[in-house]
Amino acid sequence: MSKGTILLVEDQPGFRRIYHDVLEHEGYEVIEAQDGEEGWQMVKSRKPHLVLLDLGLPKIDGFEVLKRIRADAETKAVPVIIFSVLGEQKDVKKGLEMGANDYTVKGFYTPRQILSKIKGLMSQVEVKPSINSYKLKIDTAQGDANKLQNEIGLVSGYQCPNCKSEMVLELLPDYVRNEGHWFTAHFVCPQCGKSF
């Protein structure tokens, strides 16, 4: 069984390969993003147990990714270790003030030392088995679609109130029930990741 999922947000393939191998060897599931935007989307969609975050990233930088992680109710508690060549005191101070759990400077720490930091943070995280969810698109042409909309009070139809994209209904197995296959459900926006 995996010890947990770690998202590695790093644009340099060499660094990704080294840390991917070290972490995987220790029993973690490793997922990767090559730029800040992809990293943020993976935090939202995959819900990793920890993020190893570079700062000098294409599209959006690591500071912006960290800001988004800490501002979102679903991701604000995810531990983040900044992993960067930016070792200036002002950068370290800024990263920690923005909510990073730790700050490591590339070249100052070996992969084993960074692994030790990761293990320390991961020991505080409860790793639950992953649960498959099912996302369903609502066909508004079907008769019960309008009824469902009215019953649960969706004033703007099936559009996300936040970004106006079309929402989907996400079903999650409810394992607390003793009989049958029960689900809990909520609407989620695939574009901005908000749940309703």
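The values are calculated or read from the model by the stated rules, or taken from the named source; none is laboratory data. Given the structure is predicted, the values throughout are model-derived calculations rather than measurements. Neighbour counts are summed over all protein chains in view; Cβ atoms, including those assigned to glycine, are modelled from backbone coordinates with ideal geometry.
Between 154, 171, which is among the aliphatic types (A, V, I, L, M), at pLDDT below 75 and in contact with a helix residue (DSSP H, G or I) (Cβ under 9 Å, 6 or more places away or on another chain)?
From the options 154, 171, the qualifying one is 154.
Please list, ordered by first then second residue, the pairs with beta carbon atoms under 8 Å, 6 or more apart or interchain, first in the range 55-82 and in contact (Cβ under 8 Å) with a residue 24 or more places away in the chain and over 12 Å from residue 95 (Cα atoms), second crowded, with 16+ Cβ neighbours inside 10 Å and among the aromatic types (Phe, Trp, Tyr).
Partner pairs satisfying both residue conditions: 60/40; 68/40; 69/40.
Go over the candidates 82, 69 one by one and state the one that is in the same structural domain as residue 41 (by TED's automatic domain parsing), under 16 Å from the mean Cα position of the chain (by Cα), crowded, with 17+ Cβ neighbours inside 10 Å and under 19 Å from residue 113 (Cβ atoms).
82
Applying the selection to the range 48-65, what residues are in a helix (DSSP H, G or I) and surrounded by fewer than 18 Cβ atoms within 10 Å (Cβ to Cβ)?
64
Quick one: which residue in 73, 100 is under 23 Å from residue 4 (Cβ atoms) and out of contact with any helix residue (DSSP H, G or I) (no Cβ under 9 Å at 6 or more places or on another chain)?
73
Report, ordered by the first and then the second residue, all pairs with beta carbons closer than 9 Å, sequence separation of six or more or different chains, a first member in the range 134-158 that is closer than 12 Å to residue 168 by Cα, and a second member that is surrounded by fewer than 10 Cβ atoms within 10 Å (Cβ to Cβ) and of a type in the set (Lys, Arg).
Once the first residue is closer than 12 Å to residue 168 by Cα and sits in the range 134-158, no partner that is surrounded by fewer than 10 Cβ atoms within 10 Å (Cβ to Cβ) and of a type in the set (Lys, Arg) comes close enough.
I need a count of the residues in the range 6-42 that are assigned to a helix (DSSP H, G or I) and either acidic (Asp, Glu) or closer than 17 Å to residue 69 by Cα (or both).
9
Output the qualifying pairs, or none if there are none: Cβ atoms under 8 angstrom, residues six or more apart or on different chains, first residue in the range 97-125 and over 16 Å from residue 77 (Cα atoms), second residue buried (at least 17 other Cβ atoms within 10 Å of the Cβ) and polar (S, T, N, Q).
Hits for this filter: 103/84; 104/84; 105/84; 106/84; 113/104; 114/104; 117/104.
Across the range 85-97, what is the total count of residues that are in a loop (DSSP other than H, G, I, E, B) and surrounded by fewer than 16 Cβ atoms within 10 Å (Cβ to Cβ)?
Number of matching residues: 3.
Of the residues 45, 2, which is surrounded by fewer than 18 Cβ atoms within 10 Å (Cβ to Cβ), modelled with pLDDT of 85 or more and among the hydroxyl-bearing types (Ser, Thr, Tyr)?
45 is the lone residue from the list that is surrounded by fewer than 18 Cβ atoms within 10 Å (Cβ to Cβ), modelled with pLDDT of 85 or more and among the hydroxyl-bearing types (Ser, Thr, Tyr).
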